[in-house]
Amino acid sequence: MGKASRQRQLKQERERKQRRGIRHEPPSQAKQPSQRGFAAVGVAEALEALAHGRQDLFLGWVEGLALEQLPGWGATVSRELVSYLRASVAAAWRHGWQPAELVRQVNRGRGDAHARMATDMIADEMRAYAAATVDDRWLAQLSALRTEVWWGSDDAYLRRWRDREGDSRQATLITAMELLLLLGQLPVLPRLCPLPGTVRPGTVRPGAAARPGGQERTADERILGKIRALLAKAESTEFTEEAEALSARAQELMAKYSIDHALLAAEAGRKDDPASRRLPVDNPYEGPKAQLLEEVAKANRCRTVWYKSLGMSAVIGFPADLDAVELLFTSLLVQANTAMLRAGAKRDRYGRSRTRAFRQSFLMSYAIRIGERLAGATGDAERQVAAEVPGRNLLPVLAARHQAVDDAVDEMFGDGVSYHRAGRVSDSEGWYSGRAAADTAALHGHREVTPESA
């Protein structure tokens, strides 16, 4: 090939590369990965190894990230990890998770240290939003978690964490990596609150009735405060008669609170919408506890969906009814646990422990019997309110609310709702003891419902 031909060929090759956007640079001028790029690769490779259970490879990458290879390396790694964790928290919000749920799930999956780091990352992510643009339920959870940015800059976080927790560099990195993986594997949930930063001051949050002023909200808080105080006293007293009297007053207020809201909305021509709230249902004996919540919800015109793997249930209903369900479920669970523990450990005739079977059966029986009693109490309360104003017909109002709740469940979950079977009952003493405890549980001020009259 002649010189002219070689030059033409080289020229054509240069033109092709230029069209493709390819440039040749001398090796000395080629761009080298930045320190941040090296850190990003290390984090990604470590996370990949952890996700696939390759523990030796994971620990090798962690060791590399922990070594102070270059000046400022530790700060770079800290900045990268905090950035990824903050982005993962924001993604969890978009997937329907709320602050308290997120921290609880991390604690369930990994433990206290990971939950504390998750709380830190929530505090860091929430710095981007003005309080006026965040839903009040969200702000209440942040307050309960006591979120605070205590470490200064992202560069300093891992170092400050080590100082506070007394961890090694490797242990701190492992905690951060495990948290990052857990956040990335969270399932998608129905969104119950508007995302942070999207609330406009003065707007009514979803599920809340449109109210002309603050007087009604103040009245609601006052009534709920009285109910909480009465139930707290009922749970703590050692005297049965006092507990019954306190719970009678609490139930009276709850029934009036719920039915009055329904009537007020109907008479004003106001269209309230159902809402949803998720309540924890913890081990042990989570099946009977979920059953108890379902029974309480049904009696208060609500429905439940149990997330067994997440240890919580969604309750769908109108806001006033959701308040009643949460307060009553919490109180009845305390009473059930007190009665169950009072029965003590159980053994069979061979001396083998049957405590777990007893308690499982106890709580399941308790839940079913409570459901029977609540159904009767609800009917009594509705008849009493209807009798106060002759000619008032509650049936159309309550039927419309039942239908609205069913429609809300269909919209939230579609065909994804599955119904769990009642837990296995294998201990007859536990069953009858649980039923007896349910018969004496402090529910309301009406007559006690006996097996014969149920």
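The values are calculated or read from the model by the stated rules, or taken from the named source; none is laboratory data. Just so we're clear, the structure is a prediction, and the values are computed from it rather than from any experiment. Using ideal geometry, Cβ is built from the backbone for each residue, glycine included, and neighbour counts are taken over all protein chains shown. With ligands, DNA and RNA removed, areas are computed over all heavy atoms of the protein, side chains included. Shrake-Rupley method; radii C 1.70, N 1.55, O 1.52, S 1.80 Å.
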Could you grab me the full set of residues in the range 388-408 that are open to solvent by less than 60 Å² (accessible area, probe 1.4 Å) and among the charged types (D, E, K, R)?
ARG401, ASP406
Output the residues belonging to the range 137-162 that are out of contact with any helix residue (DSSP H, G or I) (no Cβ under 6 Å at 6 or more places or on another chain) and surrounded by 12 or more Cβ atoms within 10 Å (Cβ to Cβ).
ARG137, TRP138, LEU139, ALA140, SER153, ALA156, ARG159, ARG160
Could you tell me whether ARG349 is open to solvent by 20 Å² or more (accessible area, probe 1.4 Å) and at pLDDT 85 or above?
no
Of the residues that make up the range 157-167, is at least one under 20 Å from the mean Cα position of the chain (by Cα) and assigned to a helix (DSSP H, G or I)?
no
Selection within the range 370-381 - surrounded by fewer than 17 Cβ atoms within 10 Å (Cβ to Cβ) and in contact (Cβ under 8 Å) with a residue 40 or more places away in the chain
ALA375, ASP380
Yes or no: ASP273 open to solvent by 30 Å² or more (accessible area, probe 1.4 Å) and under 30 Å from ALA404 (Cβ atoms)?
yes
Checked pairs for the range 100-122, first open to solvent by less than 30 Å² (accessible area, probe 1.4 Å), second small (Gly, Ala, Ser) and part of a helix (DSSP H, G or I), C-beta under 8 Å and 6 or more apart or across chains, list as LEU102/ALA92; LEU102/ALA118; VAL103/ALA115; VAL103/ALA118; VAL106/ALA115; VAL106/ALA118; MET117/ALA176; MET121/SER88
Per the filter on the range 276-291, residues surrounded by fewer than 23 Cβ atoms within 10 Å (Cβ to Cβ) and more than 25 Å from GLY96 (Cα to Cα) are PRO284, TYR285
Going through the range 305-336 in order, the residues found to be within 28 Å of ASP380 (Cβ to Cβ), open to solvent by 30 Å² or more (accessible area, probe 1.4 Å) and of a type in the set (Ser, Thr, Tyr) are THR330
Residues of the range 359-394 satisfying the condition of being in a loop (DSSP other than H, G, I, E, B) and of a type in the set (Val, Ile, Thr)
VAL389
